[in-house]
């Protein structure tokens, strides 16, 4: 295990962004699997791979590069006194990045689903979904990542912060996977709604 950990740290130091992207994708996939099989009680033969693919795409390709640059920016905050600096970084992350990340998650997942921006009689739009879920999600995010960020921003180097937070993110990704599935659009459902709308117009 120590050998694996050292190898992982070495990859983080040499190929920081790519390693963070791979880690984010894997954690998102694990979160989807846990949500489907441990929480929802699905059999493995009924695994909904499209849900896992969407979450892995978000975690690895969309979110990880943004988190990488955000943590580099946070590291530029240097005030007089270590704990003043850490507290300011944590508050900055909570006030600005948490709401942004929540909006990014639901907007990207909605786009991948084919969800419209505005609600229709058949489908809740991305805008209304965000309005309903933004602050309840952010409050839960603060409760989980607030303490984790104090540790991350006070003792860890920049390259190690996103992977450290991914330990907590496994629980968070599981929550997001479950939350996203509530009212989710099944593959082909938007096409069915579009066909129905055309038929009504005719």
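Each value in this text was obtained by applying a stated rule to the coordinates, not by laboratory testing. None of these values were measured; they are calculated from a predicted model. Here the Cβ positions follow ideal geometry from the backbone for every residue, glycine too, while neighbour counts run over all protein chains shown.
For the chain, calculate the relative contact order in percent as a whole number, restricting contacts to Cα pairs under 8 Å that are 6 or more residues apart.
Answer for the chain is 28 percent.
Which percent of the Cα-Cα distances in the range 1-68 go past 15 Å?
58 percent
Can you tell me the order of 35-41, 176-182, 69-75 when each peptide is scored by its average per-residue count of other Cβ atoms within 10 angstrom, highest first? List each step's numbers first, then the result.
Numbers: 35-41: 14.9, 176-182: 18.6, 69-75: 16.4.
By packing density, highest mean first, the sequence is 176-182, 69-75, 35-41.
Looking at the square roots a ≥ b ≥ c of the eigenvalues of the Cα gyration tensor of the range 66-163, which shape do they give, rounded for a/c under 1.5, prolate if a/b is larger than b/c, or oblate?
Prolate shape, in that a/c is at least 1.5 and a/b is the bigger ratio.
By how many nm would the segment from residue 87 to residue 9 lengthen if fully extended, with 0.36 nm per residue of separation less the alpha-carbon distance?
Working: separation 78, 0.36 × 78 = 28.08 nm, distance 2.62 nm.
The span from residue 87 to residue 9 would gain 25.5 nm if fully extended.
Measure nothing fancy, just the Cα-based angle from helix 126-155's long axis to the longest principal axis of the chain, in degrees from 0 to 90, nearest 10.
20 degrees
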